[in-house]
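The values are calculated or read from the model by the stated rules, or taken from the named source; none is laboratory data. No experiment lies behind these values; they were computed from the predicted model shown. Ideal geometry is used to build each Cβ from the backbone, glycine not excepted, and the neighbour counts take in all protein chains shown. For the accessible areas, the whole protein counts, side chains as well, though only heavy atoms, and no ligand, DNA or RNA atoms are used. Shrake-Rupley method; radii C 1.70, N 1.55, O 1.52, S 1.80 Å.
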Amino acid sequence: MAQGGDNWWRDGIFYQIYPRSFQDSDGDGIGDLAGILRRLPYVKSLGVDAIWLSPIFPSPMADFGYDISDYTGIDPLFGTMEDFDALLAAAHDNGLKLILDLVPNHTSSQHPWFVESRSSRDNPKRDWYVWRDPAADGGVPNNWLSEFGGSAWQFDETTGQYYYHAFLAEQPDLNWRNPDVRAAIYDAMRFWLEKGVDGFRVDVIWHLIKDAEFRDNPPNPHYVEGRPPNERILTQYSTDQPEVHDVIAEMRRVTDAYRDRVLIGEIYLPLHRLMAYYGNDLTGAQMPFNFALLSTFWSARSIETIVEDYEEALPKGAWPNWVLGNHDRPRVASRIGPEQARVAAMLLLTLRGTPTLYYGDEIGMHQLAIAPEDVRDPFEKNVPGIGVGRDGCRTPMQWDASPAGGFSGVRPWLPLPEDHIHWNVANLEADSRSILSLYRRLIALRKASPALVAGDYHPIAAQGDLLVYRREAEGTAMIVVLNLGPDPIAVTTSAIRFGSEILLSTFLDREGERLEGVLDLRGNEGVVVMQPHI
């Protein structure tokens, strides 16, 4: 495991836990910190190196923790600070790093800062948030839209001004042009760093700075009816402003004052704009999250192009990273099908760069269709019926075949699929060829191979449904051959030399097989091949 040193995050594997859905320890149907602690042996058994926790801070839960009312506390729903300290200590004792989710773009409307800010126009904290006078006609200040539907401006009767909220009205945006705001958030970061947390994943980091003139955003000429209504306009002036990079460099200086910490940025931007978030001379986020695999058309040529373009665009010395799933996007097994989910696992864990796993993907959890009466996600409630709901990828972890899946002894906050009686950790651990066994084998193979951890990436020309590349380091080379289609393929590329050996197949049944120039792949199969010494 990647244990230490400034670059542990480069060699490691991250595992995202959505705390509400991992393990309930107190019988309220909602996951908590003590539950995560209970399941720590399982997390360690996967072979991952770091746990990233979605927000656990005090919150009214309008957006399930992404509306924070206290940056330096623990919400009672998840336990106590003592529970957090116990989890952090146990993680470190087990060789695991712990990453917290920092949400600095906005607070809860119940945060004491905002309560003060909205109390009067001359309150000292008035400028901690984004306030604007009505337009000349008395309406909203500009055309900016909320990510969750409707205008991004909320009128405040008490003071006669509008405040800006990029998400829910219960999530007012902080004014990051105010140095006092920056100082307050940096102090909160230091609070957790002093406790020993190993870094932060920073939520919607590209939103932090807004246009100083509050100009209208231009219309989106490519908007398609049926898509979320906020996509009708481009966020030219409400996100990704040049000054945001100064803020991120300041954040990085905060984490760099402590040894071996990492700063990760959540950024949904085109490739050329994403790269700027590494910062000048790599003084920005060490890992601006690369979400390309979350939305690409699942084909060999599309993925080949994405990987090559990403590799070529990286600034000198920057380290890549890859993500297959998270708490906002449909489950990978549903996006591309359960057969290809195995191939996707091999892709994620053999590409160059730090991989992040989303809890449950390792057991093939799929996107659950949520009945209207069970919907919890405010996005779905605000913009119903077009498929934006995020509840389906946040369902409880499926530990066993019991009614609540071993997650809880009562009805969970979100339902489980009926097929959890088959697709669960207990069953899959008993099957040496399950997708869970595949994830463990892939992680072990990656950790045992310098070529897969840090080796160069070289694409190999292929056609049709084949994706082929070589990872090479320290005189060893591995060829990864992925069949992204359902039909068998005979692979005859010269890259597979006489005497090459299959180290791992996604079906877990070909280890040690020697190749003599031809590789027969089944439909939906991927293999890692060890080449003879080069």
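When the Cα gyration tensor is reduced to axis lengths a ≥ b ≥ c, the ratio a/c is 1.5 or higher for the range 155-296, and with a/b not above b/c it is classed as oblate.
Please give the Cα centre distance for the range 480-534 versus the range 295-341, rounded to the nearest Å. First find each Cα centre; the distance between them is then 22 Å. The distance from the alpha carbon centre of the range 360-396 to that of the range 206-235 is 25 Å, rounded to a whole number.
Length gained on full extension, MET81 to ASP456, computed as 0.36 nm times the residue gap minus the Cα-Cα distance: 130.7 nm. Over all directions, the projected convex hull of the C-alpha atoms in the chain averages 24.5 nm² in area. The listed residues MET251, MET61, once ranked by accessible area (1.4 Å probe) with the largest placed first, stand as MET61, MET251. Angle between the Cα long axis of helix 338-348 and the longest principal axis of the chain, 0 to 90 degrees, nearest 10? The answer is roughly 90 degrees. Excluding same-chain neighbours fewer than eight residues apart, the lysines reachable from LYS447 by a Cα-Cα span under 24 Å are LYS44, LYS97. Considering every alpha-carbon pair of the range 402-449, the percent of pairs per 5 Å bin, from zero through the bin containing the longest distance, is 4, 20, 20, 17, 14, 12, 7, 4, 1.
So what does the Cα-only Debye profile of the range 273-325 read at q = 0.15, 0.31 Å⁻¹, as log10 I(q)/I(0), no solvent term? These q points yield log10 I(q)/I(0) values of -0.42, -1.28.
One Cα centroid belongs to the range 415-441, the other to the range 22-40; the line between them spans 20 Å. Computed from backbone phi, the HN-Hα couplings of the range 435-442 come to 5, 5, 4, 4, 4, 5, 5, 4 Hz, rounded to whole numbers (Karplus: 6.51 cos²θ - 1.76 cosθ + 1.60, θ = phi - 60°; Gly and Pro given as x). When +1 charges are put on Lys and Arg Cβ atoms and -1 charges on Asp and Glu Cβ atoms, the dipole computed for the range 348-430 relative to its Cα centre reaches about 300 debye.
For the range 111-154, the average shadow cast by the Cα convex hull is 3.8 nm², which is a quarter of the hull's surface. Whole-Hz Karplus values for the range 517-526 come out as x, 10, 10, 8, 9, 7, x, 6, 10, x Hz, taken residue by residue from phi with 6.51 cos²θ - 1.76 cosθ + 1.60 and θ = phi - 60°; glycine and proline positions read x. Sequence neighbours fewer than 8 away in the same chain don't count; with that in mind, list the lysines whose C-alpha is under 21 Å from LYS210. Filter leaves LYS125. Remark: accessible surface ordering of HIS92, HIS106, HIS222 (largest first) is HIS222, HIS92, HIS106, probe radius 1.4 Å. Here each label is just a point 7 Å from Cα along the line to Cβ, and for ALA448 and GLU516 those points are 2.6 nm apart. The alpha-carbon atoms of the range 320-404 define a convex hull whose volume equals 109 cubic angstrom per residue. Residue separation of SER432 and ASP211 scaled by 0.36 nm, minus their Cα-Cα distance, works out to 74.1 nm of gained length. Once both labels are modelled 7 Å past Cα along the beta-carbon direction, what's the ASP260-TRP298 spacing in nm? Result: 3.7 nm between the two label points. Axis angle, to the nearest 10 degrees, between helix 300-313 and the longest C-alpha principal axis of the chain: 60 degrees. Solvent-free Debye calculation, one equal scatterer per alpha-carbon of the range 414-534: log10 I(q)/I(0) at 0.12 Å⁻¹ equals -0.49. The loop-placed GluC sites (Glu not before Pro) in the range 105-167, going by DSSP, that have at most 13 neighbouring Cβ atoms within 10 Å of their Cβ come out as GLU157.
The candidates ILE336, ILE264, arranged from most to least accessible area with a 1.4 Å probe in the full protein assembly, appear as ILE336, ILE264.
Each residue, ARG132 and ARG273, gets one label point 7 Å from its Cα in the Cβ direction; the gap between the two is 1.8 nm. Projected over every direction and averaged, the convex hull enclosing the alpha-carbon atoms of the range 292-367 yields 4.9 nm².
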